[in-house]
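Participant: Sharing a structure with you now.
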Amino acid sequence: MAGPGPANELPPTLRELLNQAAALQQRGQPAAAADLYRQVLRQKKDCFDALYRLGMLHIQHGRFDDAFESLREALQAKPDSVEVLSDFGVLLHMRNRLDEALASFDKALLLQPAYANAHNNRGKVLGDLGRYEEALASYDRALAERRDFFEALNNRGLILQRLQRHAEALASFDKALAGRPNYTKALYNRGTALAELGRLDEALASYVRALAQQPDYAEAHFNRGNVLVKLGRHEEALPSFDKAIAVKPSYADAYDNRGSVLAKLRRHAEALASHERALALDPRSAGALSNRGNALKSLRRYEEALASYDAALAIAPDAVDTLYNRGNLLKEMQRFDVALDCYDKASSIAPDHSDAFGWVDAALHICDWRRTEDLTVALGEAIRQGKPTVTPFTLLSISDDPALHLQCARNYLAETIPAAPEPMWKRGGAPHDKMRIAYLSADLHAHATAYLIAELIEVHDRSRFEISAISYGHDDGSDMRRRLVKAFDRFHDVSGKSDLEVARLINALEIDIAVDLKGYTKDARPEILSHRPAPIQVIYLGYTGTMAADFIDYVIADAVVVPFAQQPFYSERIVQLPDTYEPNDSKRSIAATTLTRAQAHLPDSGFVFCCFNNNYKINRAIFDIWMRLLDQVPGSVLWLLQGNAAAEANLRAAAEARGVSGTRLVFGERMPLEEHLARHRLADLFLDTFPYNAHTTTSDALWAGLPVLTCLGASFAGRVAASLLNAVGLPELVTSSLADYEAAALRLARDATSLRALRAKLEHNRCSYPLFDTDRYRRHIEAAYMTMWEHHQNGAARSFAVEAIETPGR
């Protein structure tokens, strides 16, 4: 704003009063100065100088309403005052009377075209009106009149940011800072431009410089926190949000972002409280409502989470991230058909969103092949182009191409862990008396992985190995949880710790080999091992594919599931165990009492084909085969595992469409493992899925004495059943094509004698072949660990096969 002009054309007494008032104002006595200006105005109410100076005095002391009235009257006294027109325009802008403000600046510039201040302030109004190109022209004109106009350079940069011209914005901020190095606002805005350009470390440095000039700059603390989040430095980001809130307690966005950081640190209850505080300050914040939903979902308070997402969408119906979050929650709640509605709306709004393929998993779970049948080609092309698509785990049910699995994992890793952190483990250190092995999982409770691995943990050779659990899943209070807690030498429940904290724990424990049992499956946390807390890091059991991560050294497999010829499709070195890669628990009990056919809702007579795989593994090609089998084997039924109502309805409808009564599909309810194993006795033949085989489910069937027929695929996930069948001495149940698979199933259904012979062979082999010999398996995997350590000491991981170690006396 301009300073006051001279007091002209006034009687000497009034001129003297004006001079006295100006002197009092300069000495810091505004109240006394204002009294003298008012004395002048009582004698001459249209005294321009008194009105203008009083208005400026009000502005200096934040009394903007009083200033507005004084300047309005000053303009009435002198309508062509360029300074007053410009300053009055600023006050109109402050009152959000944008069109009037613009008119005031335009009038001033008509009278004095070279008035740089007016051009600068006019640019601000045009920016708020969304007329960015005109605003840019106003700033350029201001700078043409005053090249060292640093405020105009800063404002010009802000407009360039709004125009998404971030590199030019940065240049404008840098030019302002070249003339005024400690210009706090320019430093702050420079940080924002650098962040938009992805130059995060430089952005961080710019915010730090701004805060050095103004430590109570709440927005700088806030954006510093946001940059630290983007850098994955969540522990450092939290204090930035805390400082922003300390400076500005009503900062709703800071509370909201603070909550999101707490969620990243696995402090979900605190995250919820922070989002709640944001909403107390801004109840209609759609973002905070959505983030509150995320926190509630993490706390397994699903109905409340759904209500929070719905509230967010009531405010912002087209918020794509919220729609995807709601869809993911509904999927978690097994409401897959409703989830698809969310995904459909989200993809119609933002078809190129990183979660655009999020619907695929939901469609697979309800066997909606209409949606997925044309997916393979488009999905494969998107993956090959490096685009975000489905998770690597979801792809296992869609494609049998290990090269595509590798690329999908690479894409997913690049999205979730864009930059690997500094490795924690440093070379050197004395060897331990016992090798320290840590198994990392979210599934150390009543879960398929736990059922497979429990006995292995119990029988590990404690004279040579110390076995730790790094458990980041929930404690379900089950017998299996208690068994595992007892089985491990050390059981660390890290469910409330961040990825970085868990990595620090592994490093502090001086773990020699860290074994990830999750990979890219549900609730996986690959970020933990991305910190490289251990010298050797391994993927094993839970995920049948490559991690495509340079921080994973080995994949534990066998010669069937991952031949050495497939090394090009794995970033890890391949370790082949003898017999099979999958451990088993020979202590699993089978209920003595078996359901009757009637109790299982099966017919009194007729052949029972069975598949207790999850519904998402069932596709059109395999179902077509099953329906042809039912058609050719009179009185037969297909016994499936109950998943969800939509899947059951779709599968029955698909049967009817193929000329098979939907009543010939029987859906078995989920039940405790002992009872589930026992009911296998009612089935005649287990039909495997393809391209994603039965894994634990194959072991269950074989342990219960039910033959499993499989088709050997090209990828790890499609070769597991073959591995298990070979390990139990039933290679004749492994087919090499779907045509052979169908023919073999029909032959066995029609040849009761051959089927009885297979069952008898399985009954004998269960106790004499390697599949369920846990101690034999233990020696093999321990030999693998020892060989990994030898290679590590020699400087590099490399693929190898473990030689078979025969069980004494067996």
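The values are calculated or read from the model by the stated rules, or taken from the named source; none is laboratory data. None of the values given here were measured: they were computed from a predicted structure. Cβ coordinates were reconstructed from backbone atoms using ideal geometry, including for glycine residues, and neighbour counts include every protein chain displayed. Side chains are part of the model used for accessible areas, which takes the heavy atoms of the whole protein and leaves out ligands, DNA and RNA. Shrake-Rupley method; radii C 1.70, N 1.55, O 1.52, S 1.80 Å.
Participant: Considering A254, A263, A244, which residue is of a type in the set (A, V, I, L, M, F, W, C), out of contact with any strand residue (DSSP E or B) (no Cβ under 7 Å at 6 or more places or on another chain), open to solvent by 20 Å² or more (accessible area, probe 1.4 Å) and at pLDDT 95 or above?
Facilitator: Values: A254 fails: open to solvent by 20 Å² or more (accessible area, probe 1.4 Å); A244 fails: open to solvent by 20 Å² or more (accessible area, probe 1.4 Å).
Matching residue, one of A254, A263, A244: A263.
Participant: OK, next. Please determine, by comparing only the residues of segment 565-589 that are of a type in the set (A, V, I, L, M) and closer than 14 Å to E782 by Cα, which one is surrounded by the most Cβ atoms within 10 Å (Cβ to Cβ). Can you show your working first?
Facilitator: Pass one, segment 565-589, residues of a type in the set (A, V, I, L, M): 565, 574-575, 577.
Checking which are closer than 14 Å to E782 by Cα leaves us with 575, 577.
Details: V575: 27, L577: 24.
Only one residue fits best here, namely V575.
Participant: Take the conditions touching a helix residue (DSSP H, G or I) at 6+ places or on another chain (Cβ under 6 Å), in contact (Cβ under 8 Å) with a residue 12 or more places away in the chain and within 27 Å of R410 (Cα to Cα) and apply them to L517. Does it pass?
Facilitator: On the way: touching a helix residue (DSSP H, G or I) at 6+ places or on another chain (Cβ under 6 Å): yes; in contact (Cβ under 8 Å) with a residue 12 or more places away in the chain: yes; within 27 Å of R410 (Cα to Cα): yes.
Taking the combined requirement at face value, the residue satisfies it.
Participant: All but one of (1) at pLDDT 95 or above; (2) surrounded by fewer than 16 Cβ atoms within 10 Å (Cβ to Cβ); (3) within 24 Å of A645 (Cβ to Cβ) hold for R370; which doesn't?
Facilitator: The single condition R370 does not satisfy is (1).
Participant: Just give me the residues in segment 168-217 being open to solvent by 40 Å² or more (accessible area, probe 1.4 Å) and either of a type in the set (V, I, T) or touching a strand residue (DSSP E or B) at 6+ places or on another chain (Cβ under 8 Å) (or both), in sequence order.
Facilitator: Answer for segment 168-217, where residues must be open to solvent by 40 Å² or more (accessible area, probe 1.4 Å) and either of a type in the set (V, I, T) or touching a strand residue (DSSP E or B) at 6+ places or on another chain (Cβ under 8 Å) (or both): just V208.
Participant: Of a type outside the set (D, E, K, R) and under 30 Å from R681 (Cβ atoms): is that true of A559 in this structure? Let's see the steps before the verdict.
Facilitator: Values: of a type outside the set (D, E, K, R): yes; under 30 Å from R681 (Cβ atoms): no.
It is false that A559 is of a type outside the set (D, E, K, R) and under 30 Å from R681 (Cβ atoms).
Participant: If you take the residues in segment 296-305 that are of a type outside the set (D, E, K, R) and farther than 18 Å from L323 by Cβ, which one is nearest to the chain's Cα centre (by Cα)?
Facilitator: Taking segment 296-305 and keeping what is of a type outside the set (D, E, K, R), we get 296, 298-299, 302, 305.
Pick out the ones that are also farther than 18 Å from L323 by Cβ and you get 298-299.
On the way: S298: 12, L299: 16 Å.
Only one residue tops the list, namely S298.
Participant: If you scan segment 465-488, which residues turn out to be charged (D, E, K, R), over 19 Å from T696 (Cβ atoms) and surrounded by 13 or more Cβ atoms within 10 Å (Cβ to Cβ)? Let's see the steps before the verdict.
Facilitator: Here is the first cut: in segment 465-488, the residues charged (D, E, K, R) are 466, 475-476, 479, 481-483, 486.
This time we only want the ones that are over 19 Å from T696 (Cβ atoms), so: 466, 475, 482, 486.
Hits for segment 465-488 are E466, D475.
Participant: Sort out which residues of segment 493-509 are within 22 Å of M435 (Cα to Cα), open to solvent by 50 Å² or more (accessible area, probe 1.4 Å) and out of contact with any strand residue (DSSP E or B) (no Cβ under 6 Å at 6 or more places or on another chain), and write them in order of number.
Facilitator: Residues satisfying the conditions are R504, N507, A508.
Participant: I would also like to ask the following. Considering segment 357-385 alone, what residues qualify as being in contact (Cβ under 8 Å) with a residue 40 or more places away in the chain, out of contact with any Lys or Arg (no Cβ under 6 Å at 6 or more places or on another chain), within 13 Å of N650 (Cβ to Cβ) and in a helix (DSSP H, G or I)?
Facilitator: L364, H365, T372
Participant: Which helices (runs of 4 or more DSSP H) does segment 1-119 wholly contain that include 1 or more residues that are surrounded by 15 or more Cβ atoms within 10 Å (Cβ to Cβ) and modelled with pLDDT under 85? Even if it seems obvious, please write down each step before you answer.
Facilitator: Values: elements: 12-26, 30-43, 48-60, 64-77, 82-94, 98-111.
By residue number, 12-26, 30-43, 48-60, 64-77, 82-94.
Participant: Return yes when G232 is modelled with pLDDT under 95 and open to solvent by less than 60 Å² (accessible area, probe 1.4 Å) and no when it is not. Break it down stepwise before answering.
Facilitator: On the way: modelled with pLDDT under 95: yes; open to solvent by less than 60 Å² (accessible area, probe 1.4 Å): yes.
Taking the combined requirement at face value, the residue satisfies it.
Participant: If we scan segment 728-744, do we find a residue that is surrounded by fewer than 24 Cβ atoms within 10 Å (Cβ to Cβ) and at positive phi?
Facilitator: Checked against the condition, which is being surrounded by fewer than 24 Cβ atoms within 10 Å (Cβ to Cβ) and at positive phi, segment 728-744 yields at least one hit.
Participant: Please count how many residues of segment 770-798 are open to solvent by 40 Å² or more (accessible area, probe 1.4 Å) and of a type in the set (S, T, N, Q).
Facilitator: Residues flagged as open to solvent by 40 Å² or more (accessible area, probe 1.4 Å) and of a type in the set (S, T, N, Q) within segment 770-798 amount to 2.
Participant: List, please: which pairs have Cβ atoms under 6 Å, are six or more places apart or on different chains, and start with a residue in segment 213-234 that is of a type in the set (K, R) and end with one that is part of a helix (DSSP H, G or I)?
Facilitator: Between residues of segment 213-234 that are of a type in the set (K, R) and residues that are part of a helix (DSSP H, G or I), the close pairs are R224/Y207; R224/S240; K230/L200.
Participant: Considering segment 745-769 alone, what residues qualify as being surrounded by 18 or more Cβ atoms within 10 Å (Cβ to Cβ) and among the small types (G, A, S)?
Facilitator: Within segment 745-769, A745, A749 meet the criteria.
Participant: Continuing with the same structure: Tell me the residue from A548, A534, A557 that is small (G, A, S), touching a residue at least 40 places away in the same chain (Cβ under 8 Å) and not in a loop (DSSP other than H, G, I, E, B), please. Can you show your working first?
Facilitator: On the way: A548 fails: not in a loop (DSSP other than H, G, I, E, B); A534 fails: not in a loop (DSSP other than H, G, I, E, B).
After applying the criteria, what remains is A557.
Participant: Residues that are among the charged types (D, E, K, R), at least 1 per element: which helices (runs of 4 or more DSSP H) completely within segment 703-810 meet that? It would help to see each step written out before you state the result.
Facilitator: On the way: elements: 720-727, 738-750, 752-765, 774-793.
Counting at least 1 such residues, we get 738-750, 752-765, 774-793.
Participant: Is it fair to say S468 is of a type in the set (S, T, N, Q) and either within 19 Å of E582 (Cα to Cα) or out of contact with any His (no Cβ under 6 Å at 6 or more places or on another chain) (or both)? Don't jump to the end; show me each part of the working.
Facilitator: Values: of a type in the set (S, T, N, Q): yes; either within 19 Å of E582 (Cα to Cα) or out of contact with any His (no Cβ under 6 Å at 6 or more places or on another chain) (or both): yes.
Yes.
A quick yes/no check of all residues on (1) in contact (Cβ under 8 Å) with a residue 60 or more places away in the chain; (2) over 29 Å from S498 (Cα atoms); (3) of a type in the set (F, W, Y); (4) assigned to a helix (DSSP H, G or I):
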site: A271; (1), (2), (3), (4): no, no, no, yes
site: A278; (1), (2), (3), (4): no, no, no, yes
site: S308; (1), (2), (3), (4): no, no, no, yes
site: A314; (1), (2), (3), (4): no, yes, no, yes
site: S348; (1), (2), (3), (4): no, yes, no, yes
site: D355; (1), (2), (3), (4): no, no, no, no
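Participant: Same structure, new question: Looking only at segment 605-621, count every residue that is open to solvent by less than 20 Å² (accessible area, probe 1.4 Å), outside any loop (DSSP other than H, G, I, E, B) and within 17 Å of G713 (Cβ to Cβ) and tell me the total.
Facilitator: So in segment 605-621, the residues open to solvent by less than 20 Å² (accessible area, probe 1.4 Å) come out as 608-613, 615, 617-618.
The next check asks that each one be outside any loop (DSSP other than H, G, I, E, B); those that pass are 608-611, 615, 617.
Now restrict to residues that are within 17 Å of G713 (Cβ to Cβ): 611, 617.
Residues meeting the conditions: 2.
Participant: Looking only at segment 725-775, how many residues end up being farther than 24 Å from L638 by Cβ, within 42 Å of the chain's Cα centre (by Cα) and not β-branched (V, I, T)?
Facilitator: Here the count works out to 8.
Participant: Name the single residue that is nearest to R122 (Cα to Cα) among those in segment 133-163 being small (G, A, S) and open to solvent by 10 Å² or more (accessible area, probe 1.4 Å).
Facilitator: Of the residues in segment 133-163, the ones small (G, A, S) are 135, 137-138, 142, 144, 152, 157.
Subset that is open to solvent by 10 Å² or more (accessible area, probe 1.4 Å): 137, 144.
On the way: A137: 10, A144: 15 Å.
If we take residues in segment 133-163 being small (G, A, S) and open to solvent by 10 Å² or more (accessible area, probe 1.4 Å), then A137 is nearest to R122 (Cα to Cα).
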